[in-house]
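The values are calculated or read from the model by the stated rules, or taken from the named source; none is laboratory data. The structure presented is a predicted model; accordingly, all values stated were derived computationally and were not measured. Because the Cβ atoms are built from the backbone with ideal geometry, glycine has one as well, and the counts that use them run over all protein chains shown.
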Amino acid sequence: MPEGPRRPYRDQWEAAVAEAYADELGLADVSIDTAFSTSGDDGAADRIADRLFETTRTRLPRAELTARDTVERVAAYLRERAPSDRCLQLPADFDPHAPSLFYFHSASGTAMAVRTLRSVLPVQSVGVRAAGLEGEREVPRSIEEFASIYLEELLRLPAEQPYLLCGFSTGGAIAFEVACRLLAAGRRVAMLALIDSQPPDPSLAAGVSSEEVLIGGRLQELLRRIGVDVPYTITVGDAGVVSSLKEARVLAETVGPEVLRRQLEVFARTLRADRFYHPGYYAGDLHYFNAHIADDLVGNWEPHARRVIRHRVEADHHEYSIFPDPGFRTAFVDAVRGALTERP
């Protein structure tokens, strides 16, 4: 459940609809409350429906699109009907033969933040949301398990273009593991970028909390953010939990406690997986974008890569704080451009 300016997109369905609306309206961004009537404009309705079919593999009838006149309402239709077997969130105009930047989810489970970089990136971007987030499978418990699932999807794409991989926080560990496996499979990785990711530290595993403790703590945090006074222990099924989060627009109106439980489970398992992860060696340059990690700890990545290229970012430890930062954007886009021009 990302945070950012305006009301954030709460899942991939809202993000997909918002992107289709923004492109049709010629806007950089739209909120979940953005209203757009297609009544009497069949061309606009068909263009939006076509884009949504490409990104969600679900055909939205024109009558439904006309009746559901906001991002939130159209997303509710897709949430109930769209297939959710794929973790790669391909853009509507995805070209499988062009270079792509793959952005791996953090503990939030979502990968929608990379869409905020669309206007500045010289390549198409693909978010990789958490396996199990949509209930299509059991949520993995290790970085290696997450990476195996995503690697299988990546290897279905044409092999002629190099891979550009990145991830924020725990997503950096996943990106690292996937990069190592791609190289082992004979594929070319042109760029690996970790964004404020926890450096390797074996001592962290000893102090990591249990899954249930992490779930409870995360739930308390979400409720306190919206001003709800919570007891020492609380569960998803407790009275008023889901309704309070819906009222504050943290949860979409059409989702139930089972969805919240999955989101919290993804959070806890991804965080624990990151703490127990022991990275191997990546035979390439690793770009590290550092917002809040101590400089001496960043050095823990150096034995695990050919070279660590450090970039300092003046932002909080949050995707929606880091990605709009002008310094980050300049350095990150320069790294992408450099990766595209390097010879294998």
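Computed values, structure above
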{"quantity": "Subset of the range 236-261 [exposed (fewer than 13 other Cβ atoms within 10 Å of the Cβ) and closer than 18 Å to GLY217 by Cα]", "calculated": "GLY237, ALA239, GLY240, GLU258"}
{"quantity": "Close pairs from the range 247-270: first in a helix (DSSP H, G or I), partner of a type in the set (D, E, K, R), Cβ under 6 Å, at least 6 apart", "calculated": "LEU264/ARG218; PHE267/ARG218; ALA268/GLU211; ARG269/ARG141"}
{"quantity": "Hits in the range 13-60 - residues which are farther than 19 Å from LEU117 by Cα and among the acidic types (Asp, Glu)", "calculated": "ASP33, ASP41, ASP42, ASP46, ASP50, GLU54"}
{"quantity": "Members of the range 138-179 that are charged (D, E, K, R) and either at pLDDT below 95 or not assigned by TED's automatic domain parsing to the domain that holds GLU319 (or both)", "calculated": "ARG156, GLU160"}
{"quantity": "Subset of the range 102-123 [more than 26 Å from VAL250 (Cβ to Cβ), touching a Pro at 6+ places or on another chain (Cβ under 9 Å) and either aliphatic (A, V, I, L, M) or buried (at least 16 other Cβ atoms within 10 Å of the Cβ) (or both)]", "calculated": "VAL123"}
{"quantity": "Enumeration of residues in the range 15-46 that are over 25 Å from ALA248 (Cβ atoms) and either touching a strand residue (DSSP E or B) at 6+ places or on another chain (Cβ under 7 Å) or surrounded by fewer than 16 Cβ atoms within 10 Å (Cβ to Cβ) (or both)", "calculated": "LEU25, GLY26, LEU27, ALA28, SER37, SER39, GLY40, ASP41, ASP42, GLY43, ASP46"}
{"quantity": "Those residues of the range 159-170 which are touching a residue at least 40 places away in the same chain (Cβ under 8 Å) and hydrophobic (A, V, I, L, M, F, W, C), in sequence order", "calculated": "LEU164, LEU165, CYS166, PHE168"}
{"quantity": "Any pair with Cβ under 9 angstrom, 6 or more apart, that starts in the range 15-29 at a residue that is among the hydroxyl-bearing types (Ser, Thr, Tyr) and ends at one that is part of a helix (DSSP H, G or I)", "calculated": "TYR21/ILE48; TYR21/VAL71; TYR21/VAL74"}
{"quantity": "Index of the failed condition, ALA206 passing every other in (1) surrounded by fewer than 10 Cβ atoms within 10 Å (Cβ to Cβ); (2) over 23 Å from ILE143 (Cβ atoms)", "calculated": "(2)"}
{"quantity": "Breaking point among (1) assigned by TED's automatic domain parsing to the domain that holds ILE215; (2) at pLDDT below 95, for LEU264", "calculated": "(2)"}
{"quantity": "Test: residue in the range 70-90 that is of a type in the set (D, E, K, R), closer than 28 Å to TYR150 by Cα and assigned to a loop (DSSP other than H, G, I, E, B)", "calculated": "yes"}
{"quantity": "Among residues of the range 25-54, those that are in a helix (DSSP H, G or I), at pLDDT 85 or above and not small (Gly, Ala, Ser), counted", "calculated": "8"}
{"quantity": "Where a residue in the range 55-83 is more than 12 Å from ALA16 (Cα to Cα) and its partner, wherever it lies, is surrounded by fewer than 14 Cβ atoms within 10 Å (Cβ to Cβ) and of a type in the set (Ser, Thr, Tyr), with Cβ under 6 Å and at least six apart", "calculated": "THR66/SER39; ASP69/SER37"}
{"quantity": "Residues that are in contact (Cβ under 8 Å) with a residue 40 or more places away in the chain, within 11 Å of PRO199 (Cβ to Cβ) and assigned to a helix (DSSP H, G or I), drawn from the range 275-302", "calculated": "LEU297, VAL298, GLY299, ASN300, TRP301"}
{"quantity": "Within the range 309-344, considering residues that are modelled with pLDDT under 95 and in a helix (DSSP H, G or I), the one surrounded by the most Cβ atoms within 10 Å (Cβ to Cβ)", "calculated": "GLU319"}
{"quantity": "Residue in the range 88-109 that is acidic (Asp, Glu), assigned by TED's automatic domain parsing to the domain that holds PRO158 and at pLDDT 90 or above present", "calculated": "yes"}
{"quantity": "Residues (more than 20 Å from ALA130 (Cβ to Cβ) and surrounded by 13 or more Cβ atoms within 10 Å (Cβ to Cβ)) located in the range 82-93", "calculated": "ALA92"}
{"quantity": "Failed condition for ARG306, given (1) free of Cβ contacts under 8 Å to residues at least 40 places away in the same chain; (2) buried (at least 18 other Cβ atoms within 10 Å of the Cβ); (3) part of a strand (DSSP E or B)", "calculated": "(2)"}
{"quantity": "Test: ARG156 is without any contact (Cβ under 8 Å) to a residue 24 or more places away in the chain and either part of a loop (DSSP other than H, G, I, E, B) or touching a Cys at 6+ places or on another chain (Cβ under 8 Å) (or both)", "calculated": "yes"}
